[in-house]
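These notes concern the structure reproduced below.
The values are calculated or read from the model by the stated rules, or taken from the named source; none is laboratory data. Small disclaimer: the values here were computed from a predicted structure and weren't measured. We place every Cβ from the backbone using ideal geometry, glycine too, and count neighbours over all the protein chains shown. Areas reflect the complete protein model, heavy atoms only, side chains present, ligands, DNA and RNA absent. Shrake-Rupley method; radii C 1.70, N 1.55, O 1.52, S 1.80 Å.
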Amino acid sequence: MKHLWELYTHGTWNEPFLIGSICLFMAASVILYVLIISSRNSHIKNERLRTEYGLLIDKLLFMVVFEDLPFSEIIQNENYKKLKDNRFFREFTTESVINLHKNYEGVYARKLEQFYKDSGLKNDSLKKLKSSKWNVRCKGITELAEMNVHEVFDTLLISSKARNKTLQITAISACIKLEGTKGIIHLTKHPYPIDDWTQVNIIAAFKKHDVGDTQGIEELLESKNTTVVALGLKLIKELKLTQKVPFVEQLATQAPNTFLKYEAQSVLQQLTD
């Protein structure tokens, strides 16, 4: 300790410290420069591949939608064997299928859904659900919901209880798209408060997916979770579900607290005016 103090007082440490700091700064600069160049090159390569693959994928989806070619025949084409082993090509194809599916209904949409399954792109989306990264899981959930893969509904219910708010909202929205009201009835037993932001997103999902069958929404009014009851009232009000008036009237007379009583009365007034 005494030796260190002598070094400090005599200032003999200044020169080695400065040299070491300069070397460290230069090394960090070189590493940062290499990382920037590498990232830039990777971005340029991806953009080049997107342009190259884009033309192939456009032709591929045209054949799928309008020429009724089975996948077993398409995959024989040398250009589309990439669907089996090229990760980037598969990912870009998935994006294109999802975007195209949003613009089609009926038989064309079903053709895309069948291609999504036959080509194994569905399996890629399923793998994303097991990722430790929440943003990757969100992407997988969105893809599967858009392509109407109902078999993942129970798995999405688990994700709807996630601590990550974005993942939770994405999963609930997907559940609503796949199963309508059934996608939120499970919230009646939700143990934690549902904040206003989540409630707004749930209501937006109902409007976006144009859920026709609203049977069961009244079950939210029976929850012991005050925020879930509030969500049920907001849904009934925003969707103008006048057929749910008897349930709201019952809540207005038997509400467990003043807040819910006034909320129920407010909804009643708006529905009956």
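General observations
- For the stretch 190-207, the tally of residues that are open to solvent by 30 Å² or more (accessible area, probe 1.4 Å), at pLDDT 85 or above and not small (G, A, S) stands at 6.
- Checking each residue in the stretch 110-123 for being out of contact with any helix residue (DSSP H, G or I) (no Cβ under 6 Å at 6 or more places or on another chain) and of a type outside the set (S, T, N, Q) picks out R110, E113, K117, G120.
- Among the candidates V229, V200, V245, residue that is free of Cβ contacts under 8 Å to residues at least 24 places away in the same chain and either β-branched (V, I, T) or within 30 Å of S131 (Cβ to Cβ) (or both): V200
- Enumeration of residues in the stretch 92-119 that are crowded, with 16+ Cβ neighbours inside 10 Å and of a type in the set (S, T, N, Q): T93, T94, S96, S119
- All positions within the stretch 157-181 that are over 17 Å from L144 (Cα atoms) and surrounded by 14 or more Cβ atoms within 10 Å (Cβ to Cβ): K161, A162, N164, T181
- Any chance L187 is in contact (Cβ under 8 Å) with a residue 40 or more places away in the chain and either of a type in the set (G, A, S) or open to solvent by less than 30 Å² (accessible area, probe 1.4 Å) (or both): yes
- The stretch 208-244 - residue that is open to solvent by 70 Å² or more (accessible area, probe 1.4 Å) and of a type in the set (K, R) and, of those, nearest to E146 (Cα to Cα): K208
- Matching residues, the stretch 134-156, being among the hydrophobic types (A, V, I, L, M, F, W, C) and open to solvent by 60 Å² or more (accessible area, probe 1.4 Å): W134
- Flag if F247 is part of a helix (DSSP H, G or I), open to solvent by 30 Å² or more (accessible area, probe 1.4 Å) and not charged (D, E, K, R): yes
- Beta carbons closer than 9 Å, at least 6 apart along the sequence or on distinct chains, pair a first residue in the stretch 123-141 that is outside any helix (DSSP H, G or I) with a second that is open to solvent by 30 Å² or more (accessible area, probe 1.4 Å) for L129/V136; L129/R137; L129/T155; K130/R137; S131/R137; S131/K139.
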